[in-house]
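Here's the structure we're looking at; comments come further down.
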């Protein structure tokens with residue numbers, strides 16, 4: 001049995017207390033607190049989800065499965081879904097009054113912490129002018145300039161309302177620019193719920209064990225080619241078999257929708273060269289990794305420049321948003337500059353632009369990504385060491401504030417490897433940590449996230465809780 005660490009390295013630097021952001025806490029008096037400031041080895045005594053259970057029972061009569069996104073139903077981990085009352089900083093409170101250290105972060109957007117005071121104040125000012133204009137506003141220019149200056153591949157950008165929309169638009173654009181219809185995606189990578197992408201997808205599709213989605217016509221996926229992640233030879237064979245027909249290769253440069261899976265050192269570089277050699281475009285889906293691995297995203301971190309990029313999550317600061325961008329000659333095909341049509345009623349809405357601007361300003365401050373990497377390394381290494389000492393086979397790692405671990409010895413290079421993880425054991429771990437006051441993503445096949453609001457005390461508490469849970473499951 002062993003625990004291995006992958007990602008940005010094993011050595012842990014010393015965390016300087018002077019560099020740890022002060023945790024913000026604000027909550028009504030009726031909330032039930034976990035005493036996080038006490039000894040990290042002190043266990044929380046009372047835990048109930050009675051109100052959440054009642055709310056979920058009601059919700060199941062109102063919405064399919066009781067939720068508006070499948071992973072929220074806790075189907076793969078068991079137990080009652082947590083109904084959230086409020087969030088602040090690194091914390092989440094449910095309607096039963098339980099307090100948790102949150103490592104979901106709204107699935108990635110909350111990188112500076114939940115409900116940041118400066119962001120809330122700016123949103124309040126913007127709302128006084130209106131919530132949606134349906135016309136251009138200066139805030140769009142500001143955020144566009146920030147994105148273009150940060151992300152190496154982006155010379156022009158189009159804002160949309162979700163990551164799914166961004167990936168829909170970028171695929172249509174790649175096909176229009178190359179005049180080719182086929183494209184390659186990777187097993188376990190998730191690019192939203194558009195028809196063409198729902199083939200061997202990740203995220204909730206992986207969580208629920210669905211190979212594909214009913215309702216997607218064969219004609220919609222007939223031009224979708226798939227290969228195992230990190231398998232460049234499989235991609236070479238697809239290019240040989242479909243010579244001159246492939247418009248693009250799209251991938252999560254670091255997979256977050258099959259759990260946390262990093263590329264081998266040569267994989268992304270080889271994809272870059274292979275697409276160039278075959279007259280195809282390379283697309284990075286950075287909805288999750290954009291502004292998280294580095295200010296310029298995964299492409300800055302790995303030093304590989306794609307032709308097109310999709311963004312979301314962080315650039316909206318917690319509000320619905322998406323974007324796609326890339327080389328100017330490609331982007332000028334987008335309407336109204338060119339013939340490739342795309343539109344959206346709420347695209348570039350002033351609230352999302354405001355929250356995005358404030359979030360990116362904070363992230364640009366010196367030391368941001370070094371801090372995220374330090375605390376996340378300490379978290380991941382602590383959990384893996386606890387698992388190893390308790391006799392569990394585990395592997396995992398982090399890059400900056402994105403992390404994950406599997407209940408398998410590893411290493412994990414692709415979705416097939418990830419599926420070998422003991423998901424039943426992960427479910428027991430998840431439920432145990434929830435009772436301890438720690439909220440991880442309710443699926444083995446989702447990455448986790450830290451934020452600038454997480455402190456070293458949060459990490460110590462979490463690792464101590466993991467020791468207890470891993471010692472008894």
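The values are calculated or read from the model by the stated rules, or taken from the named source; none is laboratory data. Keep in mind that this is a model prediction, so the values were computed, not measured. Counting neighbours? That spans all protein chains shown, and the Cβs are built from the backbone with ideal geometry, glycine included.
Here are the numbers for the structure shown:
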| item | result |
| --- | --- |
| Residue match in region 91-105 (condition: within 18 Å of the chain's Cα centre (by Cα), crowded, with 23+ Cβ neighbours inside 10 Å, at pLDDT 95 or above and part of a helix (DSSP H, G or I)) | yes |
| Residue match in region 63-73 (condition: surrounded by fewer than 21 Cβ atoms within 10 Å (Cβ to Cβ), touching a helix residue (DSSP H, G or I) at 6+ places or on another chain (Cβ under 6 Å), modelled with pLDDT of 95 or more and closer than 28 Å to residue 311 by Cβ) | yes |
| Where a residue in region 386-408 is without any contact (Cβ under 8 Å) to a residue 40 or more places away in the chain and its partner, wherever it lies, is assigned to a loop (DSSP other than H, G, I, E, B) and surrounded by fewer than 21 Cβ atoms within 10 Å (Cβ to Cβ), with Cβ under 8 Å and at least six apart | 407/393; 407/422; 408/393; 408/420; 408/422 |
| Residue selected from region 122-137 under the condition within 27 Å of residue 452 (Cβ to Cβ) and exposed (fewer than 11 other Cβ atoms within 10 Å of the Cβ), by the criterion farthest from the chain's Cα centre (by Cα) | 125 |
| Region 271-297, residues that are out of contact with any helix residue (DSSP H, G or I) (no Cβ under 6 Å at 6 or more places or on another chain), free of Cβ contacts under 8 Å to residues at least 40 places away in the same chain, crowded, with 21+ Cβ neighbours inside 10 Å and closer than 26 Å to residue 418 by Cα | 271 |
| Hits in region 312-363 - residues which are more than 18 Å from the chain's Cα centre (by Cα), assigned to a loop (DSSP other than H, G, I, E, B) and over 19 Å from residue 136 (Cβ atoms) | 327, 333, 339 |
| In region 135-158, the residues that are more than 22 Å from residue 293 (Cα to Cα) and either part of a helix (DSSP H, G or I) or modelled with pLDDT under 95 (or both) | 138, 139, 140, 141, 142 |
| Out of 268, 250, sole residue that is part of a strand (DSSP E or B), at pLDDT 95 or above and surrounded by 17 or more Cβ atoms within 10 Å (Cβ to Cβ) | 250 |
| Residue 267 vs. criteria out of contact with any strand residue (DSSP E or B) (no Cβ under 7 Å at 6 or more places or on another chain), in contact (Cβ under 8 Å) with a residue 24 or more places away in the chain and under 17 Å from residue 229 (Cα atoms) | yes |
| Region 38-56, residues that are surrounded by 11 or more Cβ atoms within 10 Å (Cβ to Cβ) and either in contact with a helix residue (DSSP H, G or I) (Cβ under 8 Å, 6 or more places away or on another chain) or at pLDDT below 95 (or both) | 40, 41, 42, 43, 44, 47, 56 |
| Positions within region 108-121 being touching a helix residue (DSSP H, G or I) at 6+ places or on another chain (Cβ under 8 Å) and buried (at least 21 other Cβ atoms within 10 Å of the Cβ), in sequence order | 108, 109, 111, 112, 114, 116, 119 |
| Every residue from region 138-149 that is touching a residue at least 40 places away in the same chain (Cβ under 8 Å) and more than 12 Å from residue 357 (Cβ to Cβ) | 148 |
| Residue within region 418-434 that is surrounded by 24 or more Cβ atoms within 10 Å (Cβ to Cβ) and under 23 Å from residue 294 (Cβ atoms) present | no |
| Qualifying residue in region 400-414 (condition: in contact with a helix residue (DSSP H, G or I) (Cβ under 9 Å, 6 or more places away or on another chain), surrounded by 23 or more Cβ atoms within 10 Å (Cβ to Cβ), part of a helix (DSSP H, G or I) and at pLDDT 95 or above) | no |
| Residue count, region 388-399 (criterion: within 25 Å of residue 187 (Cβ to Cβ) and surrounded by fewer than 21 Cβ atoms within 10 Å (Cβ to Cβ)) | 1 |
| Exclusive hit being surrounded by 24 or more Cβ atoms within 10 Å (Cβ to Cβ), over 25 Å from residue 344 (Cβ atoms) and within 20 Å of the chain's Cα centre (by Cα), set 301, 229 | 229 |
| From the options 206, 220, residue that is modelled with pLDDT under 95, in a helix (DSSP H, G or I), out of contact with any strand residue (DSSP E or B) (no Cβ under 6 Å at 6 or more places or on another chain) and surrounded by fewer than 22 Cβ atoms within 10 Å (Cβ to Cβ) | 220 |
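Matching residues to (1) at pLDDT 95 or above; (2) surrounded by 22 or more Cβ atoms within 10 Å (Cβ to Cβ); (3) over 20 Å from residue 125 (Cα atoms):
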site: 341; (1), (2), (3): yes, no, yes
site: 346; (1), (2), (3): yes, no, no
site: 352; (1), (2), (3): yes, yes, no
site: 357; (1), (2), (3): yes, no, no
site: 361; (1), (2), (3): yes, no, no
site: 370; (1), (2), (3): yes, no, yes
site: 386; (1), (2), (3): yes, no, yes
